[in-house]
Every structure is written in structure tokens, then in C-alpha cells.
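Right, I'll just put the structure down here and ask away after.
The values are calculated or read from the model by the stated rules, or taken from the named source; none is laboratory data. What you are looking at is a predicted structure, and each value in this text was computed from that prediction instead of being measured. Methodologically, a virtual Cβ is constructed for each residue, glycine included, from the backbone with ideal geometry; neighbour enumeration extends over all protein chains shown.
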Amino acid sequence: MMMDEIEKGFNGYPNLLRQIKRRVLLSQRHAIYAANEEMLKMYWDIGEMLQRSQDAEGWGKKTLQRLSIDLKNDYPDVKGFTIRNMQYMVQFYNEYNKHLTMVKYKPTTIAKLPVSQLGEFNFELPVRHLSWSHNLVLMQKVKDIPARYWYMVQCLTGNWSKDYLIETIKRDEYGQHGALANNFSETLPAPEAKEVKMLLKDPYIFDMLTFTDPYSERDVEIGLVKHVEKFLVEMGAGFAFMGRQYHLEISGSDYYVDMLMYNTFLHRYMVVELKDTDFKPEYIGKLNFYCSAIDDMLCREGDNRTIGLLLCKTKDRIKAEYALRDIQKPIGVSDYELGQALPKDYRGSLPTIEEIEKELEPINNVDDE
């Protein structure tokens with residue numbers, strides 16, 4: 001048989017090509033991660049050298065100017081040796097060096113990632129897995145170390161861009177998480193309860209939806225499905241949308257879950273019930289019923305217990321906590337907010353693109369992504 005006839009009969013070729021391409025892509029990603037880690041370690045070391053030299057010699061900005069010129073001349077293909085970026089290197093070193101004696105923060109949702117060990121770091125923060133620009137945003141805009149750690153985790157698990165990170169910090173995403181009424185501590189093991197609390201928040205901001213006329217739960221559901229990508233971003237890292245009005249047949253009767261989701265990081269389903277009214281205690285019973293059904297009907301080996309999320313226009317936290325007290329299924333209750341249609345007269349008072357860029361100037365001028 002001729003060689004070309006053999007090759008034509010090789011039906012496994014497409015799969016072989018896909019496997020090789022995946023391996024090439026994996027190698028490229030490893031190379032990028034390794035290069036980023038080495039660059040950050042270099043920045044840490046240079047920051048330490050500059051700080052110690054400045055402490056010993058007391059030199060000023062002119063020395064940085066001279067260093068910038070000499071390093072650019074000696075390494076014309078290497079970016080990052082501007083005066084400003086070297087100042088950032090010093091800040092990078094000082095920002096974390098002063099926390100060396102702190103209690104360690106152990107990774108939870110990124111437990112499988114290697115622990116950060118930059119220079120003399122002896123506390124656990126996933127610094128080295130982030131880009132330089134991500135690290136600069138966090139250093140400048142998030143001073144609280146636990147909050148910074150939370151944002152680091154979200155950047156990694158959610159693949160957040162630098163611009164999206166800036167936006168979430170402005171919205172105080174960290175402050176919103178863990179604020180919802182819930183019974184997770186009573187219904188889940190402590191590590192799982194902590195992870196779920198980190199993932200959920202209060203309120204949820206569905207600013208992609210604006211209604212000028214009275215609206216119903218169905219209107220909101222349809223709007224969220226229409227903007228499903230933005231909806232998933234707002235829900236958080238790792239969520240997959242399984243369906244709206246998800247059908248369950250139980251003992252010959254039909255039931256419909258408003259929205260069913262699955263989180264790939266937590267390995268559990270989440271039942272979302274949406275109400276266009278204030279919280280009512282009776283809503284909890286129905287959600288508890290749905291969580292039990294999903295556990296029995298959909299969960300497979302390796303899946304954790306289903307959680308429920310009740311989204312209301314507003315809630316009375318005390319009433320919600322009373323309603324949750326003796327419920328056996330893990331459930332959270334949160335508010336949601338929709339976008340507001342702006343009157344035409346207000347649009348002229350919004351900041352211009354130039355004003356926004358000016359506000360972000362210290363970040364946008366960073367040399368290395």
C-alpha cells in the first residue's frame with residue numbers, strides 16, 4: 001500500500017493534531033508564567049538593592065535618573081528601567097518586606113497553585129502568579145493585606161484583566177463578599193463554608209439591566225440570560241449557567257428552578273431564586289426543597305452539596321437569619337440592584353474619557369504589563 005493511501009486512511013489525525021497543539025500551548029503558557037515570575041523576582045531584588053543603597057548613602061532622585069540612562073543604554077531591549085518603574089520596584093519590596101512577620105494567609109480556592117516565594121518572602125501570597133501591572137494596582141489601591149489577598153485569588157481564578165480589577169476595587173467587591181445573610185457555617189464544614197462565603201456577595205449589581213416601566217421576575221430572568229456573559233462575571237469566578245426555568249419532575253409534579261448554575265471551583269450546583277419583592281420567610285422553604293431535589297437528582301460522585309441563593313429587591317437581615325436558623329440546606333440571601341436609566345440632563349455631568357484617563361494615569365503609565 002502506498003504511503004499516501006495509508007495517510008488518507010488515518011482517521012485519528014485530527015485528534016493527534018489537537019493533542020500536539022494543546023501541548024504546544026501548555027508549553028507557551030509555562031514559558032510566559034516562568035518569565036513573569038523571574039521578572040517579578042528581579043524587580044524585588046532591584047527594589048531591595050535600591051532601598052538598602054539609599055538607606056546607606058542617602059542619595060536622591062538624580063541617582064535614579066543616572067541609573068535609568070545607564071541601564072537603558074546597556075540593555076536597550078529590556079523595558080522597565082524608567083525612573084518611575086524603579087520607584088515602583090522599591091515600593092514593591094517595601095510593601096511586602098514590612099509584612100514578613102505577619103501571620104500567614106494560606107490559600108483556599110487556589111490551594112493547588114504553588115506558594116509564592118519571592119526573594120525572602122516567608123508568608124503566603126500569590127504575588128508571583130500576577131502580572132506586574134496587577135501587582136501595582138493592588139499595591140496602590142488596596143492597603144489591607146487580607147483584602148489584597150482576596151483580590152489576588154479572584155484575579156487568578158477569574159482571569160481578571162487589570163482594567164476589570166480596577167473596576168472591582170472601585171465597587172468594593174471585597175467589602176460586599178460575606179455580607180449576605182446565610183447559614184453556611186451551620187450547614188457546611190468550616191473550610192467549605194469559608195469558600196462559599198468568599199464567593200457570594202451582597203448586593204449583586206445587575207447594571208446591564210435598566211427598566212423604565214414596572215418589571216417582573218420573568219423580565220429580570222430574561223434580561224440576565226440575554227446578557228449571560230456579564231451575568232456570569234457579576235456572579236463570580238468559576239460559574240457556569242445551566243439553565244433558566246430548569247425543569248424538575250418530582251413525584252409526578254412539575255417544578256421550575258428560576259436559574260441553575262454550577263461552580264467548577266467549588267464542585268457544586270447553586271439554585272438561584274429571583275424575587276421582585278422584599279424578602280419573605282416562606283421563600284426559604286421552597287429554595288430548601290429545590291436544593292434537596294438537585295442533590296438527589298443531579299449530583300454525581302465528586303459533587304459537593306448544592307447551595308441556594310435567594311435574590312430579593314431588599315431584605316431584613318434579622319428576618320432572613322430567623323428563617324434560615326433551622327434549615328438544613330446551605331442557603332444565602334442577598335439583595336440585587338438593577339442599573340438606573342440616566343436622564344438626558346445628567347449625561348453631560350458624567351466624566352469624559354480624558355478625565356477618566358487622567359484619574360488612572362499612575363497605572364496607565366506603567367511600562368510593563
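Would you confirm whether any residue within segment 137-156 is at pLDDT 90 or above, of a type in the set (Ser, Thr, Tyr) and in a helix (DSSP H, G or I)? Full working, then the answer.
Initial filter on segment 137-156 (at pLDDT 90 or above): 137-142.
Checking which are of a type in the set (Ser, Thr, Tyr) leaves us with none.
Within segment 137-156, not a single residue is at pLDDT 90 or above, of a type in the set (Ser, Thr, Tyr) and in a helix (DSSP H, G or I).
Residues in segment 201-208: is at least one touching a His at 6+ places or on another chain (Cβ under 7 Å) and buried (at least 18 other Cβ atoms within 10 Å of the Cβ)? Step through it out loud before you land on a result.
So in segment 201-208, the residues touching a His at 6+ places or on another chain (Cβ under 7 Å) come out as 201, 208.
Narrowing further to those that are buried (at least 18 other Cβ atoms within 10 Å of the Cβ): 201.
Scanning segment 201-208 turns up at least one residue that is touching a His at 6+ places or on another chain (Cβ under 7 Å) and buried (at least 18 other Cβ atoms within 10 Å of the Cβ).
Just one of 229, 234 is surrounded by 15 or more Cβ atoms within 10 Å (Cβ to Cβ) and assigned to a helix (DSSP H, G or I); which is it? Walk me through it before giving the result.
Working: 229 fails: surrounded by 15 or more Cβ atoms within 10 Å (Cβ to Cβ).
Exactly one of 229, 234 is surrounded by 15 or more Cβ atoms within 10 Å (Cβ to Cβ) and assigned to a helix (DSSP H, G or I), namely 234.
Answer yes or no: is there a residue in segment 162-172 that is at positive phi and either crowded, with 17+ Cβ neighbours inside 10 Å or at pLDDT 80 or above (or both).
Checked against the condition, which is being at positive phi and either crowded, with 17+ Cβ neighbours inside 10 Å or at pLDDT 80 or above (or both), segment 162-172 yields at least one hit.
Would you tally the residues in segment 34-61 being farther than 12 Å from residue 94 by Cα and in contact with an Asp or Glu (Cβ under 9 Å, 6 or more places away or on another chain)? Outline the logic, then answer.
The first filter runs over segment 34-61 and keeps only residues farther than 12 Å from residue 94 by Cα, leaving 34-42, 53-61.
Adding the requirement that they be in contact with an Asp or Glu (Cβ under 9 Å, 6 or more places away or on another chain) leaves 39.
Selection size over segment 34-61: 1.
Taking segment 128-163 on its own, how many of its residues are in contact (Cβ under 8 Å) with a residue 60 or more places away in the chain and farther than 20 Å from residue 265 by Cα?
The total comes to 9.
Being closer than 26 Å to residue 324 by Cα, in contact with a strand residue (DSSP E or B) (Cβ under 7 Å, 6 or more places away or on another chain) and of a type in the set (Lys, Arg) narrows it down to one residue among 244, 218; which is it? Talk me through it step by step, then tell me what you get.
Values: 218 fails: in contact with a strand residue (DSSP E or B) (Cβ under 7 Å, 6 or more places away or on another chain).
It is 244.
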